[in-house]
1. Go through segment B:177-196 residue by residue and tally those that are closer than 27 Å to B:Met276 by Cβ and within 22 Å of the chain's Cα centre (by Cα).
2. Select from segment A:36-49 the residues that are facing another protein chain (nearest Cβ under 10 Å) and assigned to a helix (DSSP H, G or I) and list them in ascending order.
3. Among what's in segment B:100-124 and is within 14 Å of another protein chain (Cβ to nearest Cβ) and part of a loop (DSSP other than H, G, I, E, B), pick the residue that is nearest to B:Ile5 (Cα to Cα).
4. Can you give me the number of residues within segment B:261-293 that are within 17 Å of B:Val22 (Cα to Cα) and either of a type in the set (Ser, Thr, Tyr) or surrounded by fewer than 16 Cβ atoms within 10 Å (Cβ to Cβ) (or both)?
5. Kindly indicate the residue of segment B:143-153 that is in contact (Cβ under 8 Å) with a residue 60 or more places away in the chain and surrounded by fewer than 24 Cβ atoms within 10 Å (Cβ to Cβ) and also nearest to the chain's Cα centre (by Cα) among those meeting that condition.
6. Before we move on, is A:Ser27 within 14 Å of chain B (Cβ to nearest Cβ) and at negative phi?
7. Just to be sure before I move on: is B:Arg32 surrounded by 15 or more Cβ atoms within 10 Å (Cβ to Cβ), of a type in the set (Lys, Arg) and at pLDDT 85 or above in the structure I sent?
8. Tell me, yes or no, whether segment B:60-76 has at least one residue that is buried (at least 18 other Cβ atoms within 10 Å of the Cβ) and more than 14 Å from chain A (Cβ to nearest Cβ).
Amino acid sequence: MAIDILLTVICSIFALVVVISSNPMVSAFSLLTMFVAMAGIFFQLGSTFISAIQVLVYAGAIAILFIFVLMLLNIDDYKKHLSRNNVKPIVGIVSAMVLLGVFSIIITNNFDYLSKDQLPQTNMMDLFKELFEKYLVPFELATMLLLASVVTVVSMLKKSLGNNEDGDQA
Amino acid sequence: MINEILILLAKVIIIILIPLGVLPLIIHVERRGAAFIQKRVGPNRVGPFGLLQPLADVVKFMFKEEVAPSHVRPFFYKLAPIFAVMVALMPLASIPLCAPFIIGGETIFPESFRSSMGIFYVFAAASLGSYAILIAGWASNNKFSMLGAIRASAQMVSYELSMSITLVAMFFLYGTNDLHQMVAYQNETILGFLPRWGFFYQPIATVIFLVGIFAESNRLPFDLAEGESELVAGYHVEYSSMKFALFFMAEYIHMIVLSAVFIILFFGGYNLLPGMSLLENMIPLPILQTASLIIKVGLMIWLFVWVRWSLPRLRYDQLMDLGWKRLLPLGIINLIITVAFIYFQK
(Lines give C-alpha, C1' and ligand atoms only; values in the text may rest on other atoms or scores of the structure.)
Protein backbone atom coordinates (compact mmCIF):
# COMPACT_ATOMS: atom_id res chain seq x y z
CA MET A 1 0.00 0.00 0.00
CA ALA A 2 2.79 2.40 0.92
CA ILE A 3 4.48 1.65 -2.39
CA ASP A 4 1.28 2.42 -4.31
CA ILE A 5 0.92 5.80 -2.62
CA LEU A 6 4.60 6.60 -3.14
CA LEU A 7 4.38 5.73 -6.85
CA THR A 8 1.23 7.83 -7.28
CA VAL A 9 2.87 10.81 -5.56
CA ILE A 10 6.03 10.48 -7.71
CA CYS A 11 3.89 10.18 -10.82
CA SER A 12 1.83 13.30 -10.02
CA ILE A 13 4.80 15.43 -8.97
CA PHE A 14 6.78 14.66 -12.10
CA ALA A 15 3.70 15.13 -14.29
CA LEU A 16 3.39 18.61 -12.80
CA VAL A 17 7.09 19.31 -13.38
CA VAL A 18 6.65 18.35 -17.06
CA VAL A 19 4.11 21.16 -17.45
CA ILE A 20 5.55 23.77 -15.10
CA SER A 21 9.29 23.62 -15.80
CA SER A 22 10.59 26.35 -18.09
CA ASN A 23 13.50 24.17 -19.26
CA PRO A 24 12.27 21.73 -21.94
CA MET A 25 15.01 19.20 -21.16
CA VAL A 26 14.00 19.08 -17.51
CA SER A 27 10.43 18.51 -18.71
CA ALA A 28 11.58 15.64 -20.92
CA PHE A 29 13.52 13.94 -18.13
CA SER A 30 10.56 14.38 -15.77
CA LEU A 31 8.37 12.76 -18.39
CA LEU A 32 10.78 9.83 -18.40
CA THR A 33 10.60 9.51 -14.61
CA MET A 34 6.82 9.65 -14.82
CA PHE A 35 6.77 6.82 -17.37
CA VAL A 36 8.92 4.65 -15.11
CA ALA A 37 6.72 5.40 -12.08
CA MET A 38 3.67 4.53 -14.18
CA ALA A 39 5.28 1.20 -15.05
CA GLY A 40 5.66 0.66 -11.31
CA ILE A 41 1.93 1.29 -10.83
CA PHE A 42 1.10 -1.24 -13.56
CA PHE A 43 3.41 -3.73 -11.86
CA GLN A 44 1.69 -3.17 -8.53
CA LEU A 45 -1.67 -3.79 -10.22
CA GLY A 46 -0.45 -7.20 -11.38
CA SER A 47 -0.08 -6.62 -15.13
CA THR A 48 3.64 -7.22 -15.34
CA PHE A 49 3.80 -7.49 -19.13
CA ILE A 50 2.22 -4.05 -19.59
CA SER A 51 4.68 -2.57 -17.12
CA ALA A 52 7.66 -4.02 -19.00
CA ILE A 53 6.26 -2.74 -22.30
CA GLN A 54 5.62 0.66 -20.71
CA VAL A 55 9.32 0.98 -19.89
CA LEU A 56 10.50 -0.54 -23.18
CA VAL A 57 8.31 1.50 -25.50
CA TYR A 58 7.51 4.74 -23.68
CA ALA A 59 10.65 5.25 -21.58
CA GLY A 60 13.01 3.44 -23.94
CA ALA A 61 11.85 4.84 -27.27
CA ILE A 62 9.27 7.62 -27.13
CA ALA A 63 10.88 9.78 -24.42
CA ILE A 64 14.21 9.49 -26.20
CA LEU A 65 12.58 10.73 -29.42
CA PHE A 66 11.23 13.75 -27.53
CA ILE A 67 14.71 14.52 -26.19
CA PHE A 68 16.12 14.09 -29.67
CA VAL A 69 13.72 16.56 -31.20
CA LEU A 70 14.44 19.03 -28.38
CA MET A 71 18.19 18.73 -28.92
CA LEU A 72 17.94 19.24 -32.68
CA LEU A 73 15.48 22.17 -32.63
CA ASN A 74 16.40 25.70 -31.76
CA ILE A 75 13.80 26.22 -29.07
CA ASP A 76 14.26 29.97 -28.64
CA ASP A 77 12.96 30.58 -32.18
CA TYR A 78 9.77 28.72 -31.39
CA LYS A 79 9.36 30.55 -28.07
CA LYS A 80 9.27 33.89 -29.91
CA HIS A 81 6.77 32.47 -32.34
CA LEU A 82 4.53 31.32 -29.49
CA SER A 83 4.57 34.63 -27.61
CA ARG A 84 3.81 36.62 -30.77
CA ASN A 85 0.76 34.58 -31.64
CA ASN A 86 -0.53 34.99 -28.09
CA VAL A 87 -1.88 31.44 -27.92
CA LYS A 88 -1.40 31.14 -24.17
CA PRO A 89 -4.94 32.24 -23.13
CA ILE A 90 -6.57 29.93 -25.70
CA VAL A 91 -4.50 26.95 -24.59
CA GLY A 92 -5.33 27.77 -20.96
CA ILE A 93 -9.07 27.97 -21.61
CA VAL A 94 -9.14 24.74 -23.63
CA SER A 95 -7.15 22.74 -21.06
CA ALA A 96 -9.25 24.14 -18.21
CA MET A 97 -12.41 22.99 -20.00
CA VAL A 98 -10.96 19.52 -20.59
CA LEU A 99 -9.92 19.26 -16.93
CA LEU A 100 -13.38 20.43 -15.83
CA GLY A 101 -15.00 17.75 -18.00
CA VAL A 102 -12.77 15.01 -16.58
CA PHE A 103 -13.45 16.14 -13.01
CA SER A 104 -17.21 16.33 -13.59
CA ILE A 105 -17.20 12.76 -14.94
CA ILE A 106 -15.25 11.57 -11.88
CA ILE A 107 -17.56 13.37 -9.43
CA THR A 108 -20.90 12.47 -11.04
CA ASN A 109 -20.14 8.79 -11.67
CA ASN A 110 -19.92 6.19 -8.97
CA PHE A 111 -16.96 4.01 -9.83
CA ASP A 112 -16.55 0.60 -8.26
CA TYR A 113 -13.14 0.29 -6.71
CA LEU A 114 -11.67 -3.18 -6.89
CA SER A 115 -9.37 -4.44 -4.20
CA LYS A 116 -6.09 -5.92 -5.31
CA ASP A 117 -7.25 -9.56 -5.03
CA GLN A 118 -10.24 -8.89 -7.28
CA LEU A 119 -8.07 -7.62 -10.13
CA PRO A 120 -7.68 -10.04 -13.02
CA GLN A 121 -4.15 -11.46 -13.13
CA THR A 122 -3.31 -10.80 -16.75
CA ASN A 123 -0.53 -12.72 -18.33
CA MET A 124 0.61 -12.40 -21.91
CA MET A 125 -1.51 -15.28 -23.18
CA ASP A 126 -4.78 -13.73 -21.95
CA LEU A 127 -3.76 -10.32 -23.23
CA PHE A 128 -3.01 -11.52 -26.75
CA LYS A 129 -6.09 -13.71 -26.88
CA GLU A 130 -8.21 -10.63 -26.21
CA LEU A 131 -6.19 -8.54 -28.63
CA PHE A 132 -6.25 -10.96 -31.56
CA GLU A 133 -9.72 -12.44 -31.12
CA LYS A 134 -12.03 -9.89 -29.58
CA TYR A 135 -10.34 -6.63 -30.60
CA LEU A 136 -8.72 -7.73 -33.87
CA VAL A 137 -10.43 -5.15 -36.12
CA PRO A 138 -9.74 -2.08 -33.91
CA PHE A 139 -6.16 -3.30 -33.47
CA GLU A 140 -5.59 -3.61 -37.21
CA LEU A 141 -7.26 -0.23 -37.80
CA ALA A 142 -4.89 1.35 -35.29
CA THR A 143 -1.90 -0.11 -37.15
CA MET A 144 -3.30 1.29 -40.42
CA LEU A 145 -3.54 4.72 -38.77
CA LEU A 146 0.12 4.51 -37.73
CA LEU A 147 1.13 3.42 -41.23
CA ALA A 148 -0.83 6.31 -42.74
CA SER A 149 0.98 8.79 -40.48
CA VAL A 150 4.37 7.34 -41.41
CA VAL A 151 3.58 7.59 -45.13
CA THR A 152 2.35 11.17 -44.68
CA VAL A 153 5.52 12.23 -42.89
CA VAL A 154 7.77 10.63 -45.52
CA SER A 155 5.85 12.20 -48.41
CA MET A 156 5.93 15.65 -46.75
CA LEU A 157 9.64 15.30 -46.08
CA LYS A 158 10.28 14.29 -49.68
CA LYS A 159 8.41 17.34 -50.93
CA SER A 160 10.39 19.78 -48.80
CA LEU A 161 13.66 18.06 -49.70
CA GLY A 162 12.77 18.32 -53.38
CA ASN A 163 12.15 22.05 -52.97
CA ASN A 164 15.55 22.46 -51.40
CA GLU A 165 17.28 20.81 -54.29
CA ASP A 166 15.53 22.94 -56.88
CA GLY A 167 16.30 26.07 -54.92
CA ASP A 168 12.62 27.07 -54.87
CA GLN A 169 12.69 27.93 -51.18
CA ALA A 170 13.78 31.51 -51.03
CA MET B 1 10.35 -13.36 7.42
CA ILE B 2 13.86 -12.54 8.62
CA ASN B 3 15.07 -15.63 6.78
CA GLU B 4 13.54 -14.37 3.54
CA ILE B 5 15.12 -10.96 3.93
CA LEU B 6 18.52 -12.51 4.63
CA ILE B 7 18.28 -14.74 1.56
CA LEU B 8 17.27 -11.77 -0.60
CA LEU B 9 20.14 -9.73 0.79
CA ALA B 10 22.60 -12.53 0.06
CA LYS B 11 21.33 -12.79 -3.53
CA VAL B 12 21.64 -9.04 -4.07
CA ILE B 13 25.15 -8.91 -2.63
CA ILE B 14 26.34 -11.90 -4.69
CA ILE B 15 24.92 -10.60 -7.96
CA ILE B 16 26.46 -7.16 -7.42
CA LEU B 17 29.80 -8.40 -6.10
CA ILE B 18 30.50 -10.80 -8.97
CA PRO B 19 30.60 -8.14 -11.73
CA LEU B 20 32.26 -5.54 -9.50
CA GLY B 21 34.83 -8.11 -8.39
CA VAL B 22 35.80 -9.26 -11.87
CA LEU B 23 35.81 -5.71 -13.22
CA PRO B 24 39.51 -4.99 -12.42
CA LEU B 25 40.40 -8.35 -13.91
CA ILE B 26 38.47 -7.56 -17.11
CA ILE B 27 40.22 -4.21 -17.43
CA HIS B 28 43.56 -5.96 -16.95
CA VAL B 29 42.69 -8.60 -19.55
CA GLU B 30 41.64 -5.85 -21.94
CA ARG B 31 44.95 -3.98 -21.60
CA ARG B 32 47.15 -7.07 -21.68
CA GLY B 33 45.06 -8.40 -24.59
CA ALA B 34 45.55 -5.15 -26.48
CA ALA B 35 49.29 -5.39 -25.84
CA PHE B 36 49.33 -9.04 -26.94
CA ILE B 37 47.53 -8.29 -30.21
CA GLN B 38 49.77 -5.29 -30.95
CA LYS B 39 53.00 -7.10 -29.97
CA ARG B 40 53.62 -4.86 -26.97
CA VAL B 41 54.24 -5.83 -23.34
CA GLY B 42 51.43 -3.95 -21.63
CA PRO B 43 51.18 -3.11 -17.93
CA ASN B 44 53.50 -5.59 -16.14
CA ARG B 45 55.26 -3.58 -13.40
CA VAL B 46 52.76 -3.41 -10.52
CA GLY B 47 52.55 -6.78 -8.75
CA PRO B 48 52.88 -10.21 -10.42
CA PHE B 49 52.11 -9.95 -14.18
CA GLY B 50 50.96 -6.39 -13.49
CA LEU B 51 47.83 -7.73 -11.80
CA LEU B 52 47.79 -4.93 -9.24
CA GLN B 53 47.70 -2.23 -11.94
CA PRO B 54 43.86 -1.86 -11.81
CA LEU B 55 44.13 -1.42 -8.02
CA ALA B 56 46.67 1.35 -8.50
CA ASP B 57 44.32 2.95 -11.03
CA VAL B 58 41.46 2.87 -8.53
CA VAL B 59 43.63 4.50 -5.86
CA LYS B 60 44.60 7.18 -8.35
CA PHE B 61 40.95 7.81 -9.31
CA MET B 62 39.98 8.09 -5.65
CA PHE B 63 42.62 10.63 -4.70
CA LYS B 64 42.50 12.77 -7.81
CA GLU B 65 40.96 16.19 -7.39
CA GLU B 66 37.44 16.41 -8.72
CA VAL B 67 37.14 19.26 -11.17
CA ALA B 68 33.68 20.38 -12.24
CA PRO B 69 33.73 23.09 -14.93
CA SER B 70 31.70 26.20 -14.16
CA HIS B 71 29.54 25.98 -17.28
CA VAL B 72 27.86 22.63 -16.46
CA ARG B 73 24.35 22.13 -15.09
CA PRO B 74 25.31 21.01 -11.57
CA PHE B 75 22.39 18.73 -10.62
CA PHE B 76 22.31 16.71 -13.84
CA TYR B 77 26.11 16.73 -14.07
CA LYS B 78 26.32 14.93 -10.71
CA LEU B 79 23.31 12.72 -11.44
CA ALA B 80 24.59 11.25 -14.71
CA PRO B 81 27.44 8.98 -13.48
CA ILE B 82 25.36 7.64 -10.57
CA PHE B 83 22.45 7.00 -12.91
CA ALA B 84 24.79 5.24 -15.36
CA VAL B 85 26.01 2.68 -12.80
CA MET B 86 22.55 2.23 -11.28
CA VAL B 87 20.89 1.52 -14.62
CA ALA B 88 23.73 -0.78 -15.66
CA LEU B 89 23.29 -2.86 -12.49
CA MET B 90 19.48 -3.03 -12.72
CA PRO B 91 19.11 -5.85 -15.31
CA LEU B 92 21.37 -8.08 -13.19
CA ALA B 93 18.49 -8.54 -10.74
CA SER B 94 16.71 -10.92 -13.11
CA ILE B 95 19.63 -12.83 -14.60
CA PRO B 96 19.77 -16.42 -13.31
CA LEU B 97 23.23 -17.63 -12.28
CA CYS B 98 22.11 -21.24 -11.74
CA ALA B 99 19.00 -23.41 -11.75
CA PRO B 100 16.63 -23.11 -8.77
CA PHE B 101 17.99 -25.34 -5.99
CA ILE B 102 16.64 -26.74 -2.73
CA ILE B 103 18.13 -25.98 0.68
CA GLY B 104 16.35 -27.26 3.78
CA GLY B 105 13.16 -28.11 1.90
CA GLU B 106 12.89 -24.62 0.42
CA THR B 107 13.27 -23.92 -3.28
CA ILE B 108 15.55 -20.97 -3.78
CA PHE B 109 15.62 -19.02 -7.05
CA PRO B 110 19.03 -17.50 -7.74
CA GLU B 111 17.70 -14.19 -9.10
CA SER B 112 16.75 -11.50 -6.63
CA PHE B 113 13.86 -10.08 -8.66
CA ARG B 114 11.66 -12.83 -10.01
CA SER B 115 8.49 -11.87 -11.88
CA SER B 116 6.46 -13.08 -14.81
CA MET B 117 8.19 -10.43 -16.95
CA GLY B 118 11.25 -12.65 -17.38
CA ILE B 119 13.43 -11.46 -20.22
CA PHE B 120 11.29 -8.38 -20.85
CA TYR B 121 12.45 -6.93 -17.53
CA VAL B 122 16.09 -7.36 -18.54
CA PHE B 123 15.48 -5.61 -21.85
CA ALA B 124 13.37 -2.85 -20.30
CA ALA B 125 16.04 -2.09 -17.70
CA ALA B 126 18.83 -2.23 -20.28
CA SER B 127 16.94 0.16 -22.58
CA LEU B 128 17.28 2.91 -19.96
CA GLY B 129 21.06 2.83 -20.36
CA SER B 130 21.06 5.42 -23.15
CA TYR B 131 19.63 8.07 -20.79
CA ALA B 132 22.76 8.15 -18.65
CA ILE B 133 24.77 9.09 -21.73
CA LEU B 134 22.14 11.62 -22.86
CA ILE B 135 22.02 13.30 -19.44
CA ALA B 136 25.82 13.39 -19.22
CA GLY B 137 26.18 14.86 -22.69
CA TRP B 138 23.51 17.48 -22.18
CA ALA B 139 24.54 18.48 -18.63
CA SER B 140 28.18 18.96 -19.67
CA ASN B 141 27.06 21.89 -21.83
CA ASN B 142 29.80 21.28 -24.34
CA LYS B 143 29.59 20.68 -28.08
CA PHE B 144 31.76 17.55 -28.06
CA SER B 145 29.75 16.00 -25.23
CA MET B 146 26.48 16.89 -26.89
CA LEU B 147 27.48 15.38 -30.25
CA GLY B 148 28.72 12.24 -28.49
CA ALA B 149 25.46 11.90 -26.57
CA ILE B 150 23.29 12.36 -29.66
CA ARG B 151 25.36 9.83 -31.62
CA ALA B 152 25.28 7.30 -28.77
CA SER B 153 21.56 7.48 -28.18
CA ALA B 154 20.65 7.35 -31.88
CA GLN B 155 22.87 4.33 -32.29
CA MET B 156 21.50 2.56 -29.22
CA VAL B 157 17.87 3.11 -30.21
CA SER B 158 18.51 1.90 -33.79
CA TYR B 159 20.25 -1.31 -32.77
CA GLU B 160 17.80 -2.03 -29.96
CA LEU B 161 15.18 -2.41 -32.69
CA SER B 162 16.96 -5.22 -34.54
CA MET B 163 17.85 -6.86 -31.22
CA SER B 164 14.19 -6.85 -30.20
CA ILE B 165 13.21 -8.44 -33.53
CA THR B 166 15.63 -11.33 -32.93
CA LEU B 167 14.31 -11.59 -29.39
CA VAL B 168 10.81 -12.13 -30.79
CA ALA B 169 12.15 -14.97 -32.98
CA MET B 170 13.82 -16.61 -29.96
CA PHE B 171 10.62 -16.10 -28.06
CA PHE B 172 8.70 -18.15 -30.66
CA LEU B 173 11.38 -20.84 -30.59
CA TYR B 174 11.34 -21.32 -26.82
CA GLY B 175 7.65 -20.56 -26.35
CA THR B 176 8.29 -18.81 -23.04
CA ASN B 177 9.69 -15.59 -21.61
CA ASP B 178 11.02 -17.25 -18.47
CA LEU B 179 14.82 -17.35 -18.44
CA HIS B 180 14.96 -20.63 -16.50
CA GLN B 181 12.70 -22.39 -18.99
CA MET B 182 14.76 -21.03 -21.89
CA VAL B 183 17.90 -22.52 -20.36
CA ALA B 184 16.12 -25.81 -19.59
CA TYR B 185 15.08 -26.06 -23.27
CA GLN B 186 18.74 -25.87 -24.27
CA ASN B 187 19.80 -28.58 -21.83
CA GLU B 188 19.08 -31.44 -24.26
CA THR B 189 21.09 -32.57 -27.28
CA ILE B 190 20.37 -32.66 -31.00
CA LEU B 191 21.68 -35.52 -33.19
CA GLY B 192 23.09 -37.11 -30.03
CA PHE B 193 26.17 -34.96 -29.58
CA LEU B 194 25.40 -31.26 -30.22
CA PRO B 195 23.92 -29.36 -27.26
CA ARG B 196 20.50 -27.95 -28.16
CA TRP B 197 21.65 -24.32 -28.03
CA GLY B 198 19.66 -21.50 -29.60
CA PHE B 199 22.67 -20.82 -31.82
CA PHE B 200 22.15 -24.03 -33.81
CA TYR B 201 18.51 -23.17 -34.49
CA GLN B 202 18.93 -19.45 -35.09
CA PRO B 203 22.39 -18.64 -36.48
CA ILE B 204 21.19 -15.45 -38.20
CA ALA B 205 19.55 -14.19 -35.02
CA THR B 206 22.78 -14.93 -33.15
CA VAL B 207 24.82 -12.76 -35.52
CA ILE B 208 22.30 -9.89 -35.40
CA PHE B 209 22.16 -10.04 -31.63
CA LEU B 210 25.95 -10.13 -31.36
CA VAL B 211 26.33 -7.01 -33.51
CA GLY B 212 23.56 -5.41 -31.44
CA ILE B 213 25.48 -6.09 -28.22
CA PHE B 214 28.56 -4.32 -29.55
CA ALA B 215 26.47 -1.32 -30.59
CA GLU B 216 24.50 -1.22 -27.34
CA SER B 217 27.57 -1.20 -25.12
CA ASN B 218 29.27 1.45 -27.31
CA ARG B 219 32.32 -0.71 -27.92
CA LEU B 220 34.53 -0.67 -30.97
CA PRO B 221 33.77 -0.90 -33.89
CA PHE B 222 30.71 1.09 -32.77
CA ASP B 223 32.27 3.51 -30.27
CA LEU B 224 31.33 6.62 -32.21
CA ALA B 225 30.09 8.17 -28.99
CA GLU B 226 33.69 8.53 -27.89
CA GLY B 227 35.41 8.77 -31.29
CA GLU B 228 38.69 10.23 -30.00
CA SER B 229 39.78 11.55 -33.38
CA GLU B 230 36.64 13.68 -33.72
CA LEU B 231 35.05 14.23 -30.32
CA VAL B 232 37.95 14.17 -27.79
CA ALA B 233 36.10 11.68 -25.56
CA GLY B 234 32.44 12.24 -26.39
CA TYR B 235 29.93 12.39 -23.59
CA HIS B 236 32.44 12.18 -20.72
CA VAL B 237 34.84 14.95 -21.79
CA GLU B 238 34.03 17.07 -18.74
CA TYR B 239 34.21 14.27 -16.18
CA SER B 240 37.30 13.59 -14.12
CA SER B 241 38.47 11.31 -11.30
CA MET B 242 35.86 8.97 -9.79
CA LYS B 243 32.99 10.37 -11.89
CA PHE B 244 34.82 9.27 -15.02
CA ALA B 245 35.56 5.92 -13.37
CA LEU B 246 31.83 5.41 -12.78
CA PHE B 247 31.13 5.79 -16.52
CA PHE B 248 33.96 3.38 -17.20
CA MET B 249 32.45 0.88 -14.75
CA ALA B 250 28.98 1.29 -16.25
CA GLU B 251 30.32 0.45 -19.71
CA TYR B 252 31.94 -2.76 -18.49
CA ILE B 253 28.90 -3.81 -16.41
CA HIS B 254 26.77 -3.21 -19.51
CA MET B 255 29.10 -5.54 -21.43
CA ILE B 256 28.80 -8.24 -18.75
CA VAL B 257 25.00 -8.01 -18.58
CA LEU B 258 24.50 -8.10 -22.35
CA SER B 259 26.96 -11.00 -22.69
CA ALA B 260 25.06 -12.93 -20.01
CA VAL B 261 21.76 -12.33 -21.84
CA PHE B 262 23.39 -13.40 -25.11
CA ILE B 263 24.71 -16.60 -23.50
CA ILE B 264 21.32 -17.39 -21.96
CA LEU B 265 19.48 -16.85 -25.25
CA PHE B 266 21.89 -18.56 -27.64
CA PHE B 267 24.58 -20.57 -25.86
CA GLY B 268 22.85 -22.62 -23.20
CA GLY B 269 23.01 -20.22 -20.24
CA TYR B 270 24.17 -21.90 -17.06
CA ASN B 271 24.03 -25.43 -18.51
CA LEU B 272 27.27 -27.26 -17.71
CA LEU B 273 30.05 -27.11 -20.26
CA PRO B 274 31.00 -30.48 -21.77
CA GLY B 275 33.21 -32.41 -19.34
CA MET B 276 32.11 -30.43 -16.30
CA SER B 277 29.57 -33.11 -15.31
CA LEU B 278 32.53 -35.25 -14.12
CA LEU B 279 32.98 -32.85 -11.21
CA GLU B 280 29.35 -33.15 -10.16
CA ASN B 281 30.11 -35.51 -7.28
CA MET B 282 32.71 -33.23 -5.72
CA ILE B 283 31.22 -29.74 -6.11
CA PRO B 284 27.55 -28.78 -5.59
CA LEU B 285 25.62 -28.24 -8.83
CA PRO B 286 24.65 -24.54 -8.34
CA ILE B 287 28.32 -23.57 -7.95
CA LEU B 288 29.27 -25.57 -11.07
CA GLN B 289 26.47 -23.91 -13.03
CA THR B 290 27.51 -20.45 -11.88
CA ALA B 291 31.12 -21.23 -12.83
CA SER B 292 29.96 -22.44 -16.25
CA LEU B 293 28.02 -19.21 -16.88
CA ILE B 294 30.97 -17.11 -15.72
CA ILE B 295 33.38 -19.00 -18.01
CA LYS B 296 31.09 -18.44 -20.99
CA VAL B 297 30.75 -14.73 -20.19
CA GLY B 298 34.54 -14.57 -19.83
CA LEU B 299 34.94 -15.95 -23.36
CA MET B 300 32.50 -13.30 -24.59
CA ILE B 301 34.57 -10.58 -22.90
CA TRP B 302 37.66 -11.91 -24.68
CA LEU B 303 35.69 -11.66 -27.94
CA PHE B 304 34.98 -8.00 -27.11
CA VAL B 305 38.73 -7.36 -26.65
CA TRP B 306 39.60 -9.32 -29.77
CA VAL B 307 37.14 -7.42 -31.96
CA ARG B 308 38.18 -4.10 -30.46
CA TRP B 309 41.76 -4.48 -31.67
CA SER B 310 40.91 -6.16 -34.98
CA LEU B 311 38.25 -3.98 -36.61
CA PRO B 312 38.43 -0.26 -37.41
CA ARG B 313 35.70 2.15 -36.33
CA LEU B 314 32.73 2.51 -38.70
CA ARG B 315 31.74 5.84 -40.21
CA TYR B 316 28.45 7.18 -38.89
CA ASP B 317 26.44 6.70 -42.10
CA GLN B 318 27.84 3.17 -42.43
CA LEU B 319 26.68 2.48 -38.88
CA MET B 320 23.14 3.65 -39.63
CA ASP B 321 23.09 1.76 -42.96
CA LEU B 322 24.12 -1.44 -41.20
CA GLY B 323 21.47 -1.01 -38.52
CA TRP B 324 18.46 0.05 -40.56
CA LYS B 325 19.12 -1.31 -44.07
CA ARG B 326 20.88 -4.61 -43.33
CA LEU B 327 20.23 -5.94 -39.82
CA LEU B 328 16.60 -4.87 -39.45
CA PRO B 329 15.32 -6.38 -42.76
CA LEU B 330 17.44 -9.48 -42.10
CA GLY B 331 15.89 -9.78 -38.65
CA ILE B 332 12.36 -9.42 -40.05
CA ILE B 333 13.00 -12.08 -42.74
CA ASN B 334 14.46 -14.36 -40.09
CA LEU B 335 11.40 -13.81 -37.92
CA ILE B 336 8.98 -14.63 -40.77
CA ILE B 337 10.89 -17.83 -41.63
CA THR B 338 10.99 -18.88 -37.98
CA VAL B 339 7.28 -18.30 -37.50
CA ALA B 340 6.47 -20.22 -40.72
CA PHE B 341 8.63 -23.16 -39.60
CA ILE B 342 7.04 -23.31 -36.17
CA TYR B 343 3.53 -22.97 -37.64
CA PHE B 344 3.99 -25.84 -40.13
CA GLN B 345 5.72 -28.08 -37.61
CA LYS B 346 2.63 -28.12 -35.41
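1. Residues flagged as closer than 27 Å to B:Met276 by Cβ and within 22 Å of the chain's Cα centre (by Cα) within segment B:177-196 amount to 8.
2. Selection gives A:Val36, A:Ala39, A:Phe43, A:Thr48, A:Phe49.
3. Out of the qualifying residues, it is B:Phe113.
4. The number of residues fulfilling the criteria is 3.
5. Per the criteria, the residue is B:Leu147.
6. yes
7. yes
8. Scanning segment B:60-76, I find no residue that is buried (at least 18 other Cβ atoms within 10 Å of the Cβ) and more than 14 Å from chain A (Cβ to nearest Cβ), so the answer is no.
The values are calculated or read from the model by the stated rules, or taken from the named source; none is laboratory data. Please read all numbers here as calculations on a predicted model, not as lab measurements. All Cβ positions, even for glycine, are placed from backbone atoms using ideal geometry, and neighbour counts span all protein chains on display.
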